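Worksheet: the structure to be examined is printed underneath.
The numbers here are math on the coordinates, done by the rules we state, and not lab data. Because the structure is predicted, anything quoted here is derived from the model rather than measured. Here Cβ is always computed from backbone atoms with ideal geometry, including for glycine, and neighbour counts include all displayed protein chains.
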Amino acid sequence: MSKKLRIATTSLAGCFGCHMSILDIDERLFPLLDLVEFDRSPITDIKHCGPCDIGIVEGGICNAENVHVLREFRKNCKVLIAIGACAINGGLPAQRNHLDLSACLTEVYLTEPGLVHGHIPNDPELPLPLDKVHPLHEVVKVDYFIPGCPPSGDAIWKFLTDLISGKTPELGHGLIHYD
Amino acid sequence: MSDTFQLDGAAVPFEPGQTVMQAALAAGQYIPHLCYHPEFKPHGSCKLCTVKVNGRTMASCTMPAEAGLEVESDIDELNALRRTLVQMLFAEGNHFCPSCEKSGNCMLQALGYDLEVHAAGFRHQYPDRPLDASHPDILLDFNRCILCELCVRASGEVDGKNVFALAGRGITKHLIVNAESGQLKDTNIALTDKAMQVCPVGVILRKRVGFSQPIGARRFDASPISAQALQDAPRPSEAAGGCAACEDAP
């Protein structure tokens, strides 16, 4: 391959567990780095995404900043991959979806026992939370999904190597997991 | 010599009275299914077992076997339909596998794996379905209910208790408990009931045994559901005997 593929990754309303799993592909990172280079990613600390071949997004959409970052990825990445339960169905953060947001904030910051002079954070630098947590595909077009909480390093490796070699990615028994 | 029909090009023998599903499983041919259970009358609601019979789509669990039928099951068109059905079930309820103690033993999840469903897609509904933890030994988590009525059938037909029923219509259809209070603690359900063993997903759970099987030792960790359904079948009238599809009775 003459030119390396450019990959950007980010974690939105996630726990970085999927990124830990990306690192779990271990020594195969070296052959991977023969094929790809990283753009915006927690691995590079680049803050904004440039034109890329593949974008990998962990976590769902729980606040306004998540929406902006996701749109930046969609705009710049030829192929967008949602990785992990939260990106695919909202996951753990979406467990608040049947609750009222202001009731959640009130309980966490005001009425929870042990809080003294608590207040709901209102710094203008903080992104506003959304009423509901959304999976990525409800906000932008997502091309591929790697399920798992998190997907194993082996699953990520299989998926990426399939994709890079031009095959339709398949996980199969043992690698496909929703938990 | 019994009659046969053709399933994906292979001859399948059948006994009079058998459905296409029963005969196929008995012959070692897997047809994906969710609400079908070999010990109960077919329900025909999940439509995962839809096949093409002489070109028409039919539920194989309710379709009587007939000599000479041309049945297609494992074809791209039907597997795509099955994939969509599984996706809709995931989007309709709250199926958060990482926190579910049925994970690894769940038929809906296992079918998703087997059909290579990577995401539910659709707009998730995130319905508000409170738990019923009133019973000392049994938890009901309605978030995962797929309305297969297996617990309804088991409680009515085998246990003779009618603890469960479906109420409402269309998108408001939901599982209810047959008690004045609507709570499980006010029924005569027992841990030894058949209704405790048949839930294909994680609605009816014994308390204090969750997550006792480590990841790797759960039912569908070993092999996909398509390889295991054949071990369950056939079981004509051996309802009291072993059943790999049922959880062990306490």
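Before moving on, here are some points about what is shown:
- Centre-to-centre, using Cα atoms only, segment B:87-161 and segment A:87-132 are separated by 27 Å.
- Lysine pair count for segment B:97-219 (Cα-Cα distance under 22 Å; residues 8 or more apart in sequence or on different chains): 10.
- Averaging the sequence gap over all C-alpha pairs within less than 8 Å and six or more residues apart, then dividing by the number of residues, gives chain A a relative contact order of 25 percent.
- Take every Cα pair under 8 Å whose residues are at least 6 apart in sequence, average their separation, divide by the length of chain B, and the relative contact order is 20 percent.
- Put in line by how crowded their Cβ is, counting other Cβ atoms within 10 Å and starting with the fewest, A:Ser165, A:Ser152, B:Ser60 read A:Ser165, A:Ser152, B:Ser60.
- Comparing B:Asp137, B:Asp114, B:Asp76 in a Gaussian network model of chain B, where Cα atoms under 10 Å apart are tied by springs, the biggest mean-square fluctuation is seen for B:Asp76.
- Computed label-point distance, nm, for sites A:Thr106 and A:Asp26 using a 7 Å Cα→Cβ extension: 5.1
- As a proxy for reagent exposure, ranking A:Ile56, A:Ile7 by other Cβ atoms within 10 Å from fewest up yields A:Ile7, A:Ile56.
- Partner shielding of A:95-101 amounts to 3, given as the average count of beta-carbon atoms from other chains within 10 Å of each residue beta-carbon.
- Residues B:Tyr113, A:Tyr144, arranged from fewest to most other Cβ atoms within 10 angstrom of their Cβ, appear as A:Tyr144, B:Tyr113.
- Whole-number percent relative contact order across segment A:1-107, with pairs defined as alpha carbons under 8 Å at least 6 apart: 31
- With R₀ set to 22 Å, the beta-carbon distance separating B:Lys47 from B:Ala227 gives a calculated FRET efficiency near 0.50.
- Mean residue ellipticity at 222 nm, helices only, the protein assembly as shown: -6000 deg cm²/dmol; runs of at least 4 DSSP H residues each add -39,500 (n - 2.57), and the sum is divided by the number of residues.
- Computed from Cα positions, the angle between helix A:64-76 and the longest principal axis of chain A comes to roughly 20 degrees.
- Selection from B:Pro136, B:His37, B:Ala67 lying farthest towards where the dipole of chain B points positive, charges on Cβ: B:Pro136
- In segment A:70-179, lysine pairs with alpha-carbon atoms under 24 angstrom apart (chain gap of 8 or more, or interchain): 10
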